[in-house]
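Structure, as structure tokens:
The values are calculated or read from the model by the stated rules, or taken from the named source; none is laboratory data. Fair warning: this is a prediction, and the values are worked out from it, not measured in the lab. For neighbour counting, all protein chains shown are included, and Cβ atoms are generated from backbone atoms with ideal geometry for every residue, glycine included.
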Amino acid sequence: MPNHDAASEDSAAILRMAFAFVTSQTLYVAADLGIADYLAAGPLTAPELAATLGLHPDALARLAQALAAFGILRLEAGRFGLTATGQLLRSDSPRSLRATVRFLAGPWAWRAFEQLSHSVRSGESSFEHVWGVSNFDYWRQNPEVSAIHDEAMTGLTATEIARVLEAYDFTPFHSIVDVGGGNGALLAAILRRQPTARGILMDLPHVVELAPTVLRDAGVEARCEVVPGSFFESVPSGADLYLLKHIIHDWDDDRSFTILTNCNRSMGNDSRLLIIDRVLSDQPNVAEPMGYLVDMTMLAMTPGGRERTEGQFRALLASAGLRFERSINVGGICDIVEARRS
Ligand SMILES: C[S@@+](CC[C@H](N)C(=O)[O-])C[C@H]1O[C@@H](n2cnc3c(N)ncnc32)[C@H](O)[C@@H]1O
């Protein structure tokens, strides 16, 4: 006798996956239109919201109902309001993911994923296949997209910071370099927590432009130097701790080797290096798909980037003269791999 319940659960699982692109674009449109910002002051009817945003009333009502079915909006007495999840799409939420949604599902990514089969056939970045340049060159050439990328990373970092600060004891370190640290959100949070520590934020020149504001808002600008530059050339020397958050997963083994070798050259014998990326399990687990969603994103979007297993991190670190010390499970989309010079 066929097991109909199991079979229909399997069908539903496949359909949910196949429809995920609709979920993604529905969420993207809501984030891009700034719907949560318009509902921040209180619930509105669909016609009120459509009139405020200049949208088609019936189409907007259908979008709002779908968002309610996803748990982003709540429909009460004919008005749509934000749920606690929906609040995270507000631009002014302290842990806003609005830019993260816009960045992950925006046209640059969407068109790249349309050509995912190119990556699977060739192992090459479908982003580069579609846009003709690498993702990082594209952000540099398109300042408005670069701003969304940087804000997206700040949003992701905001979701990760508390977990990272809880999972790792930063108190032994007095000088900390954040390599490819974006606009400085992680370093600012660590320095705030440790009033005697000093920091150096390093990233590409067009990215660190915004850092002074982030560091000033956190009250740590006097203890943090901003160094524009490329980690393929060199990394500031002599610090106790080097951070690489969501850097190594952007690159293939050869370019990761160069980044890690440059870190090694700048480290002292007692310095520590933290790679903050997801550590994939050797045995993929249906309960933990996030690492694999990020891995497919790296495959499509980056020039050779990937998520790695502990074994792959050990081998990569060893090739650059670094020793894997331990990996700490943080949850979400990151773990911490601690290393030192071998
Ligand atoms: C995925 S983001 C991570 C940013 C930040 N560490 C975080 O977790 O929010 C990758 C970062 O690498 C930076 N990057 C890319 N190429 C670089 C290079 N050659 N030298 C320094 N930074 C670079 C990007 O500008 C970007 O800020």
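The table below gives the values:
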read-out: Single residue of the range 218-266 satisfying the filter (over 30 Å from residue 124 (Cβ atoms), part of a loop (DSSP other than H, G, I, E, B) and touching a strand residue (DSSP E or B) at 6+ places or on another chain (Cβ under 6 Å)) that is nearest to the ligand (Cβ to nearest atom); value: 236
read-out: Residue ID - farthest from residue 79 (Cα to Cα), chosen from residues in the range 1-59 that are under 29 Å from the mean Cα position of the chain (by Cα) and acidic (Asp, Glu); value: 32
read-out: In the range 304-334, the residues that are at pLDDT below 95 and buried (at least 18 other Cβ atoms within 10 Å of the Cβ); value: 330, 333, 334
read-out: First in the range 71-94 and on the phi > 0 side of the Ramachandran plot, second anywhere and polar (S, T, N, Q) and not in a loop (DSSP other than H, G, I, E, B), Cβ under 9 Å, 6 or more apart; value: 71/85
read-out: Pick from the range 46-85, criterion among the hydroxyl-bearing types (Ser, Thr, Tyr) and touching a Phe, Trp or Tyr at 6+ places or on another chain (Cβ under 9 Å), ranking: modelled with the lowest pLDDT; value: 52
read-out: Filter result for residue 211 (farther than 18 Å from residue 277 by Cα, free of Cβ contacts under 8 Å to residues at least 40 places away in the same chain and aliphatic (A, V, I, L, M)); value: yes
read-out: Members of the range 195-217 found to be among the small types (Gly, Ala, Ser) and within 15 Å of the ligand (Cβ to nearest atom), listed by number; value: 199, 211
read-out: Single match in 34, 42 (criterion: over 26 Å from residue 111 (Cα atoms) and among the small types (Gly, Ala, Ser)); value: 42
read-out: Answer residue from the range 125-172, given it is within 16 Å of residue 300 (Cβ to Cβ) and in a loop (DSSP other than H, G, I, E, B) and is nearest to the ligand (Cβ to nearest atom) among those; value: 134
read-out: Which numbered condition residue 292 misses (of (1) assigned to a loop (DSSP other than H, G, I, E, B); (2) over 25 Å from residue 202 (Cβ atoms); (3) in contact with a strand residue (DSSP E or B) (Cβ under 8 Å, 6 or more places away or on another chain)); value: (1)
read-out: In the range 182-194, residue surrounded by the fewest Cβ atoms within 10 Å (Cβ to Cβ) [restricted to those that are near the ligand (Cβ under 10 Å from one of its atoms) and assigned to a loop (DSSP other than H, G, I, E, B)]; value: 183
